[in-house]
Amino acid sequence: MTIPSFPPLFSGLAVEGQIDPFDKARAEAVKGCDAGLVVHNVSANTLRGAMVFTPDVALRDAAAMMPLCGVGFQNALGALAPPEVAVHLDWAGGIRVNGANCGRLRIAASDDKPEHEPDWLIIGLEVPLWPESDNPGETPDQTALYAEGCADVNAVALLEAWVKHSLVGINTWTDDGVAVLHKDWRGLAHGIGEDISVAGYTGTYLGVDERFGILIRDDETTHLVPLTHLLEGD
């Protein structure tokens, strides 16, 4: 397996077998690893990676790293895949390729209080490369990257590109604020205007607020579910 090459200030840590990079990154963060650690596990069937951040803003703002890394993945795949391959993003982290579910993003942090500045924050990526079943008709809403015209996309190159494009997004977010990210993410958002159920609320998915909290309108009112609702615990 080719060793990934990452931008300066990023470092790689390869894991193999059944080890989940997201869990390993969380363990390394608890031990006090440096920001920019990228834990990765690239197998024949699945690409998994996780980036460690040490935010200097409150969690409610730092959680924007999740949609930011989603846009980074779309930009990365867009640079490597044929132009007809379409990538969209679910609010809760799901990745859609040509309309079907194809992996996900995940988020964890050292603190779940939105007003606190977390010691660390982790964004995980998981993308299936090959379908689990030889009969894709059994799960028409599920797909894999190489089943969608991306067989020539090298998984290690995609991992590298995800980190690089996410870094570009981080620099823009740091320098110019959240407006550019909002514009880019909204252009990729899946399901706005459709019915959705989140955190016990069911209604129309109106969009997101300035911190990417989801807005859901039911018959009586509009509910706001913050992005920090997606944090994964231990």
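Could you work out the equivalent-ellipsoid semi-axes for the chain, taking the square root of 5 times each eigenvalue of the Cα gyration tensor, largest first, in whole Å? Each semi-axis is √(5λ); the values are 26, 24, 16 Å.
What per residue convex hull volume, in Å³, comes out for the range 71-122 when only alpha-carbon positions are used?
90 Å³
What the phi angles of the range 209-226 give under the Karplus curve with 6.51, -1.76 and 1.60, with θ = phi - 60°, is a coupling list of 8, 5, 10, 6, x, 7, 10, 10, 9, 9, 5, 10, 7, 9, 9, 10, 10, x Hz, glycine and proline written as x.
What do you get for Rg/Rh over the range 1-64 if you use C-alpha atoms and the Kirkwood form of Rh? Could the numbers behind the result be given before it?
On the way: Rg = 12.6 Å, Rh = 12.6 Å.
Radius of gyration relative to Kirkwood radius: 1.00.
Over the chain, Cα pairs under 8 Å with separation of 6+ residues give a relative contact order of 20 percent. Placing +1 on the Cβ of every Lys and Arg and -1 on the Cβ of every Asp and Glu, with no other charges, gives the chain a dipole of roughly 440 debye about its Cα centre. On a per residue basis, the chain carries 49 Å² of accessible surface, using protein heavy atoms and a 1.4 Å probe.
Select from Ala62, Ala144, Ala179 the residue whose mean-square fluctuation is largest in a Gaussian network model of the chain (Cα-Cα springs shorter than 10 Å). Of Ala62, Ala144, Ala179, the most mobile in the Gaussian network model is Ala179. Rounded to the nearest angstrom and listed largest first, the equivalent-ellipsoid semi-axes of the range 162-201 from its Cα gyration tensor are 26, 11, 10.
Take Thr174: with every protein chain present and a 1.4 Å probe, its accessible area is about 90 Å².
In straight-distance terms, cross-link reach from Lys164 covers every one of the lysines whose alpha-carbon lies under 26 Å from its own, apart from those fewer than eight places away in the same chain; here that gives Lys24, Lys31, Lys183. With q set to 0.10, 0.17, 0.18 Å⁻¹, the log10 of I(q)/I(0) for the range 39-134, from the Debye formula over equal scatterers at the Cα positions, is -0.30, -0.78, -0.85.
Provide the net charge surrounding Gly78, with neighbours chosen by a C-beta distance below 12 Å and charges set as Lys +1, Arg +1, Asp -1, Glu -1. Spell out each step's value before the answer.
On the way: positive: none; negative: Glu84, Asp184.
Net charge around Gly78: -2.
On the protein heavy atoms, probe 1.4 angstrom, tell me the percent of accessible surface of the chain carried by carbon and sulfur. If you can, show how the numbers build up before the last one.
On the way: 5530 of 11490 Å².
Within the chain, the accessible surface is 48 percent carbon and sulfur.
With the cut-off at under 18 Å, measuring from each backbone N in the range 194-230 to a point 7 Å along the Cα-to-Cβ line of Asp141 picks out 194-205. Among the GluC sites (Glu not before Pro) in the range 158-223, those located in a DSSP loop and surrounded by at most 13 other Cβ atoms within 10 Å of their own Cβ are Glu194, Glu210, Glu220. Applying 1/(1 + (r/R0)^6) with R0 = 35 Å to the Cβ-Cβ distance of Ala199 and Ile19 gives a FRET efficiency near 0.70. Qualifying GluC sites (Glu not before Pro) in the range 50-132, where qualification requires a DSSP coil assignment and no more than 10 other C-beta atoms within 10 Å, comprise Glu84, Glu115.
The values are calculated or read from the model by the stated rules, or taken from the named source; none is laboratory data. Model, not experiment: these values are computed from the prediction. For neighbour counting, all protein chains shown are included, and Cβ atoms are generated from backbone atoms with ideal geometry for every residue, glycine included. To get the accessible areas, we keep the full protein, side chains included, count just its heavy atoms, and leave off ligands, DNA and RNA. Shrake-Rupley method; radii C 1.70, N 1.55, O 1.52, S 1.80 Å.
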